[in-house]
Amino acid sequence: MAQQQAVGVHLLSLVAPQDNDQQVMANLSAQLDQGRSVKVEVMARRHDGQGVWLDVDYQPVRAADGSMDGYVILAADITEQVNQGLKLRALFNALPTGVVVQAQSGAIVDCNPAALEMSGLTRDILLQAQSLATLRPNVRDDLSEYAAAELPTSRTLRDGVGLRGESVGIVFPDGDVRWRMVNTEPLTDAQGRPAGVVTCSVDVTDQRAHQQLLAMAVDGAGLGTWQWDIATGRISGNERMQKVFGLAPGSVPMTVDAWNQLIHPDDLEPWLRSVTAHLSDPLLPHRMELRVRRADGHWIWLLFSGAVVTRSAGGAPQRMAGVCLDVNAQKELESQLRQSASTDVLTQLPNRAAMLDQISRCIARGTAQPGYHFAVLFLDFDRFKHVNDSLGHSVGDELLQQIATRLQDGLRPGDAFVRTSDFSQMAARIGGDEFVVLLDDIRGDLDAEIVAGRLLDLLSQTYVAQGNSINSSVSIGIVTTGQAAADAEGVLRDADIAMYEAKRAGRGRHVMFDPGMRKRARDDVLLENDLRQALDKGEMFVVYQPVVDLADGAWAGMEALERWRHPQRGLVSPVEFIPLAESSGMIGQIGQFVLQAACAEFASLQSGQYVPPSVAVNLSRAQLRQPGLAAEVLDTLRASAMAPSQLILEVTESLAAQDMLVQATLQELRELGVMLALDDFGTGYSSLSCLHELPVNTVKIDRSFVSRAQTSDYHRVMIEATIRMAQTLGLATVAEGIETAQQAALMQALGCGKGQGYLYSKPLPADQLQAWINALPSVRPAA
């Protein structure tokens, strides 16, 4: 517009946005009429009709008295910049890559249609979000959830560093996970200050699924893949191949020379012949089984198959590729089938048959060569049944394998066990957790005892099986030439007898066999037979030991204990018959008898002057693992007209702490309202740290701690810590085995609530218990 054309034209019309709506024009006119400054980008039309974009700045001009005198209008043609911006926006919107722009605060300020499609959200929802982390849950490749601060955008906003190729899974409301490959780039303003982040995402869900399917196919077939660059001599393999070789990632690729060093010498020449033949004639297949040395030094069998996949223009082979399959298991199976008659499958040690054969050879040699000596060591892992029951058979099997490995390593020629002599040795597994070691051509009994002592040390060290730390020991019975039976079965039998003597003596030790032990073993068999009939013959009975309140000596309950009066032997100690009952499977029946007898006696006492507060009954492992125990207890309570809270069921610490089946049974009992007590606390596998996890009401401090509390700081501190922890958890405490007034005073001073022991009363038959009760209300220490 020429200058003369502009004269007299309304100032708004000079840059009127010809294509804008009337509301926009009205708002702009109103602001100008009020004398305000206005800055606006508008689309105007020149006098020739061509549209231009202007950046218009209206600045009011005022007279000296402040009144409006007009406007100065500054207009800049920004058509090129706007057109460029529109092109960039079109490109932004057309990108197949999802793009999201965030301010430095994390708020989303812009996004393109691809980002909306990937997120499944509307533009309004996306632009109202204060952070990408608030929109959908995000997961890593292992499906663990991303913390908001660890998302790629969050890290770039925090650190100002762009990221490339991060895999992020977005979890949709229906549970579907869509995978994105994410790049981020920080934004800065004109002064170089952080201004936000641009995030670009590509949907790789389909590609990922295809890759996983291919990987599953290769992995499911157990295939390793390999390639050989013939020109450079470099060999590379996938992760499966590296794993088969026991190599760390990155250990392959390797050179041909290094590869040939791994092949068994007997297989190298056939391998080279096969490769050479295939390179010369592609119709000759390259496929063979060979032994390869792993990184740990062990030889394994692999099946290799490959072919030339790239040749030069002249036909020269350039690259071979193929697969390898671990066939070691098949080879081992073939070997096992050959050796099954003499090898234990689980541990790969010789089995019972192989050991008996070797012992027979030693017996024959001893008969033919005076002065020749051998020894047989019978080993049994202490408390192995508890490991199996509480941690599972898979853990037990792994433990047996570790024991076998330690035996093999410990008995290897030249090791510490055999430095005392040049004798040879053999270890075998003959069943369960029973192992036998044969020492051939020893100098005498001392060599056998030295080896046994060292085996005790080696096999008592902590085991770790499937994440479980296991501490135990072995008991060892020894038979040497001087006491050996005339046949191999007899030697094993006598070594077994000596091993049980080691267990009887306290476990974790070795015992030399002597013929007198045979009589004791026979007596044990007879005693077990008598025990099986004891219940039917009425020989079992129950005694009761009172529990008192340490503060005032008041009667606080009683514990029921089983006893056996044998018609010929008299009273048989529980130390003798309880292990027999457990090993013979009778402990459950005996436990049920004690429970019913104790509840019946409790019911009869309720009609007297002093109603017993409670009665405690021990539960065995067999009872705790018995289906329907809770229902059986409920029936017994009803038959005795007892309130559930009047019955205390005691379980040893090691059972309650480690056996999940037992814990479920204990929870059922507790839901009945029965009180639960943790017996012998401090002697098992658990610790104070897991006391809160056990469903018990009472903690009983073992007598071994009480007896040493006055002389041992350790035992006293352990008791005090146990009591404090129990008080914190709202649990009652009972000190067992109190025999002196000083022990009682100390237990009370440490905060223990109740006590039992010979200071108050020995375990009493029902009629004597009534006499003890008649001495109430002042409970006096027993004479």
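Name the residue, out of Gly585, Gly557, that is open to solvent by 20 Å² or more (accessible area, probe 1.4 Å) and on the phi > 0 side of the Ramachandran plot. Talk me through it step by step, then tell me what you get.
Values: Gly557 fails: open to solvent by 20 Å² or more (accessible area, probe 1.4 Å).
Answer to the selection: Gly585.
Keeping to segment 720-771, report how many residues are in a helix (DSSP H, G or I) and in contact with a Ser or Thr (Cβ under 6 Å, 6 or more places away or on another chain). Walk me through how you get there before you give the answer.
First, the residues of segment 720-771 that are in a helix (DSSP H, G or I): 720-728, 741-749, 766-771.
This time we only want the ones that are in contact with a Ser or Thr (Cβ under 6 Å, 6 or more places away or on another chain), so: 723, 726.
Total satisfying the criteria: 2.
Take segment 269-308 and flag every residue that is assigned to a strand (DSSP E or B), among the aromatic types (Phe, Trp, Tyr) and surrounded by 17 or more Cβ atoms within 10 Å (Cβ to Cβ).
From segment 269-308, those assigned to a strand (DSSP E or B) are 286-293, 299-308; that's our starting set.
When the remaining residues are screened for being among the aromatic types (Phe, Trp, Tyr), the result is 299, 301, 304.
Trp301, Phe304 - these are the residues of segment 269-308 that are assigned to a strand (DSSP E or B), among the aromatic types (Phe, Trp, Tyr) and surrounded by 17 or more Cβ atoms within 10 Å (Cβ to Cβ).
Can you tell me which residue within segment 364-386, out of those that are closer than 15 Å to Asp433 by Cα and open to solvent by less than 10 Å² (accessible area, probe 1.4 Å), is modelled with the lowest pLDDT? Break it down stepwise before answering.
First, pick out the residues of segment 364-386 that are closer than 15 Å to Asp433 by Cα: 377-386.
After this cut, where a residue has to be open to solvent by less than 10 Å² (accessible area, probe 1.4 Å) as well, the list is 377-379, 381-382.
Numbers: Leu377: 95, Phe378: 95, Leu379: 94, Phe381: 88, Asp382: 81.
Only one residue fits best here, namely Asp382.
Would you check if Val244 is over 30 Å from Ser131 (Cα atoms), among the β-branched types (Val, Ile, Thr) and at pLDDT 90 or above? If you could, list the steps in order and put the result at the bottom.
On the way: over 30 Å from Ser131 (Cα atoms): yes; among the β-branched types (Val, Ile, Thr): yes; at pLDDT 90 or above: no.
No; evaluated as a whole, the condition is false for this residue.
Mind listing just one residue for me: the one in segment 147-188 that is of a type in the set (Ser, Thr, Tyr) and either within 18 Å of Val101 (Cβ to Cβ) or modelled with pLDDT of 90 or more (or both) and, of those, farthest from the chain's Cα centre (by Cα)?
Thr188
With the requirement that a residue be open to solvent by 50 Å² or more (accessible area, probe 1.4 Å) and closer than 16 Å to Gly757 by Cβ, what does segment 703-729 give you? Spell out how you get there, then give the answer.
Start the filter on segment 703-729 by keeping residues that are open to solvent by 50 Å² or more (accessible area, probe 1.4 Å), which leaves 703, 707-708, 710-711, 713-714, 716-718, 720, 724-725, 727-729.
Arg703, Ser707, Arg708, Gln710, listed by residue number.
Are any of the residues in segment 631-646 farther than 25 Å from Ala556 by Cβ and modelled with pLDDT under 90?
Checked against the condition, which is being farther than 25 Å from Ala556 by Cβ and modelled with pLDDT under 90, segment 631-646 yields no hits at all.
Please specify each residue of segment 156-178 satisfying the condition of being surrounded by fewer than 15 Cβ atoms within 10 Å (Cβ to Cβ) and acidic (Asp, Glu).
Of everything in segment 156-178, those that are surrounded by fewer than 15 Cβ atoms within 10 Å (Cβ to Cβ) and acidic (Asp, Glu) turn out to be Asp159, Asp174, Asp176.
State yes or no: is Gln336 open to solvent by 30 Å² or more (accessible area, probe 1.4 Å) and at pLDDT below 85? Break it down stepwise before answering.
On the way: open to solvent by 30 Å² or more (accessible area, probe 1.4 Å): yes; at pLDDT below 85: yes.
Criteria met by Gln336.
What number of residues within segment 350-369 are in contact with a strand residue (DSSP E or B) (Cβ under 6 Å, 6 or more places away or on another chain) and without any contact (Cβ under 8 Å) to a residue 60 or more places away in the chain?
Within segment 350-369, residues that are in contact with a strand residue (DSSP E or B) (Cβ under 6 Å, 6 or more places away or on another chain) and without any contact (Cβ under 8 Å) to a residue 60 or more places away in the chain number 0.
Determine which single condition Gly591 fails, assuming it passes every other condition in (1) open to solvent by 20 Å² or more (accessible area, probe 1.4 Å); (2) without any contact (Cβ under 8 Å) to a residue 40 or more places away in the chain; (3) under 29 Å from Glu739 (Cβ atoms).
Failing condition for Gly591: (1).
How many residues does segment 409-431 hold that are at pLDDT 80 or above and farther than 21 Å from Asp496 by Cα? Walk me through how you get there before you give the answer.
In the first step, residues of segment 409-431 are kept if they are at pLDDT 80 or above; the result is 409-411, 425-431.
From what is left, the residues that are farther than 21 Å from Asp496 by Cα are 409-410.
Adding up the residues that qualify gives 2.
Scan segment 771-780 and tell me whether some residue there is without any contact (Cβ under 8 Å) to a residue 24 or more places away in the chain and of a type in the set (Val, Ile, Thr).
Checked segment 771-780: no residue is without any contact (Cβ under 8 Å) to a residue 24 or more places away in the chain and of a type in the set (Val, Ile, Thr).
In segment 210-219, is there at least one residue being open to solvent by less than 50 Å² (accessible area, probe 1.4 Å), within 28 Å of Val323 (Cα to Cα) and at pLDDT 80 or above? Steps first, answer last, please.
Quick first cut of segment 210-219, residues open to solvent by less than 50 Å² (accessible area, probe 1.4 Å) only: 218.
Those still in the list that are within 28 Å of Val323 (Cα to Cα) too: 218.
Now narrow it down to the ones that are at pLDDT 80 or above: none.
The answer is no; no qualifying residue exists.
Name the residues in segment 250-268 that are assigned to a strand (DSSP E or B) and either touching a Pro at 6+ places or on another chain (Cβ under 7 Å) or open to solvent by less than 40 Å² (accessible area, probe 1.4 Å) (or both), would you? Don't jump to the end; show me each part of the working.
Taking segment 250-268 as the starting set, the residues that turn out to be assigned to a strand (DSSP E or B) are 254-255, 263.
Correct list: Met254, Ile263.
Within segment 616-631, restricting attention to residues that are touching a helix residue (DSSP H, G or I) at 6+ places or on another chain (Cβ under 7 Å) and more than 24 Å from Val734 (Cβ to Cβ), which residue is surrounded by the most Cβ atoms within 10 Å (Cβ to Cβ)?
For segment 616-631, the residue satisfying everything is Ala622.
Does segment 595-615 hold any residues that are among the aliphatic types (A, V, I, L, M) and either modelled with pLDDT under 90 or open to solvent by less than 10 Å² (accessible area, probe 1.4 Å) (or both), and which are they?
First pass over segment 595-615, keeping only residues among the aliphatic types (A, V, I, L, M): 595, 597-598, 600, 603, 605, 611, 615.
Leu595, Ala598, Ala603, Leu605, Val611, Val615 - these are the residues of segment 595-615 that are among the aliphatic types (A, V, I, L, M) and either modelled with pLDDT under 90 or open to solvent by less than 10 Å² (accessible area, probe 1.4 Å) (or both).
Could you identify the single residue in Glu539, Glu528 that is out of contact with any strand residue (DSSP E or B) (no Cβ under 8 Å at 6 or more places or on another chain), open to solvent by less than 60 Å² (accessible area, probe 1.4 Å), in contact (Cβ under 8 Å) with a residue 24 or more places away in the chain and more than 19 Å from Gly431 (Cβ to Cβ)?
Values: Glu539 fails: out of contact with any strand residue (DSSP E or B) (no Cβ under 8 Å at 6 or more places or on another chain).
Testing whether each residue is out of contact with any strand residue (DSSP E or B) (no Cβ under 8 Å at 6 or more places or on another chain), open to solvent by less than 60 Å² (accessible area, probe 1.4 Å), in contact (Cβ under 8 Å) with a residue 24 or more places away in the chain and more than 19 Å from Gly431 (Cβ to Cβ) leaves just Glu528.
Just one of Gly444, Gly453 is over 19 Å from Pro350 (Cβ atoms), modelled with pLDDT of 90 or more and out of contact with any Phe, Trp or Tyr (no Cβ under 8 Å at 6 or more places or on another chain); which is it?
That would be Gly453, the only listed residue that is over 19 Å from Pro350 (Cβ atoms), modelled with pLDDT of 90 or more and out of contact with any Phe, Trp or Tyr (no Cβ under 8 Å at 6 or more places or on another chain).
Does Gly196 fit the bill of being at positive phi, modelled with pLDDT under 85 and out of contact with any Lys or Arg (no Cβ under 9 Å at 6 or more places or on another chain)?
Working: at positive phi: yes; modelled with pLDDT under 85: no; out of contact with any Lys or Arg (no Cβ under 9 Å at 6 or more places or on another chain): yes.
In short, no.
The values are calculated or read from the model by the stated rules, or taken from the named source; none is laboratory data. Note that the structure is predicted; figures quoted are calculated from it, not measured. Positions of Cβ are backbone-derived with ideal geometry, glycine not excepted, and every protein chain shown enters the neighbour counts. These accessible areas exclude ligands, DNA and RNA; they are computed on the full protein's heavy atoms, side chains included. Shrake-Rupley method; radii C 1.70, N 1.55, O 1.52, S 1.80 Å.
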